[in-house]
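Single-structure report; data block below.
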Amino acid sequence: MPAEVSIIIPFYNGERYLEESLRSALGQRGVDHEVVLVDDGSTDSSRDIAERVGGDDVTLITTSNGGVSRARNLGLEACAPSSRYVLFLDADDVLRDGAIAALYEHLLSRPELAATIGAVSRIDEHGETLVPAPELVEIHELTDALRVRVVTGVERFGFRHLLPVTPISSPGQCLIARPMLTTVGGFAEGLRA
């Protein structure tokens, strides 16, 4: 089946966590998806890990180091034409089982939305939970008019305001309609992380 969702993982010297991140993306079930990896000029064994773990199941792009914004834009350009939604996953983040399907189903049920944002549990380098996702959460929805709506009191479906200025603390918690990314022109490549 053609991919409905593209998971883009940019990485630069991410050998410490890339394998777990990639396995969490490849292991998602419930929606047809693809994984696009962008090696942003790594000098460690990250590329070897990507090739070994991803094999023929991923698209792997290699480029000189140009920063995470450029790497994300390259990943976006490489997405399958069938892909309607995009999630950018940092190489040191992991997706909970069913995360993509839950976000995808929420967007399908609300066609006026351009993005939806899921909850985040903070974990340490061993995968132990430091700050769990909340039991009672807020939903933040981005409409195609770029307006954010907040709906409170939703059970653990998984949406939460994490920062005082923005509800996004990690790109891996946000599933975005691909046309919205085209409308805003992708990521500003002059910004460096």
Debye-sum result for the range 8-130 in log10 I(q)/I(0), which assumes one identical scatterer on each alpha carbon, at q = 0.09, 0.13 Å⁻¹: -0.25, -0.52
Residue list for the range 11-27, given a label point 7 angstrom along the Cα-to-Cβ vector of Asp57 and an amide N cut-off under 14 Å: 19-27
Amide H partners (placed H, <5 Å) of Ile9, local residues excluded: Val36, Leu37, Val38, Leu89
Calculated from backbone phi, Karplus (6.51, -1.76, 1.60) coupling profile of the range 57-71 in Hz, x at Gly/Pro: 8, 10, 9, 10, 10, 10, 9, 6, 5, x, x, 5, 5, 5, 4
Bins of 10 Å, starting at 0 and running to the largest distance - Cα pair percent for the range 51-90: 23, 55, 22
Integer Hz, Karplus 6.51/-1.76/1.60 couplings in order for the range 38-53, x for Gly and Pro: 10, 7, 8, x, 4, 10, 9, 8, 4, 4, 4, 4, 4, 5, 5, 7
Accessible-area value, Arg84, 1.4 Å probe, nucleic acids and ligands omitted, Å²: 100 Å²
Placed amide H near Ser42: partners under 5 Å, 5+ positions off or other chain: Asn13
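Per Stokes-Einstein, at 10 °C and 1.306 mPa s, what whole-number D in µm² s⁻¹ belongs to the range 26-84, with the Kirkwood radius over Cα pairs as the hydrodynamic radius?
Numbers: Rh = 12.4 Å.
Rounded, D is 129 µm²/s.
The values are calculated or read from the model by the stated rules, or taken from the named source; none is laboratory data. Keep in mind that this is a model prediction, so the values were computed, not measured. All Cβ positions, even for glycine, are placed from backbone atoms using ideal geometry, and neighbour counts span all protein chains on display. Calculation scope for accessible area: heavy atoms of the full protein, side chains included, ligands and nucleic acids excluded. Shrake-Rupley method; radii C 1.70, N 1.55, O 1.52, S 1.80 Å.
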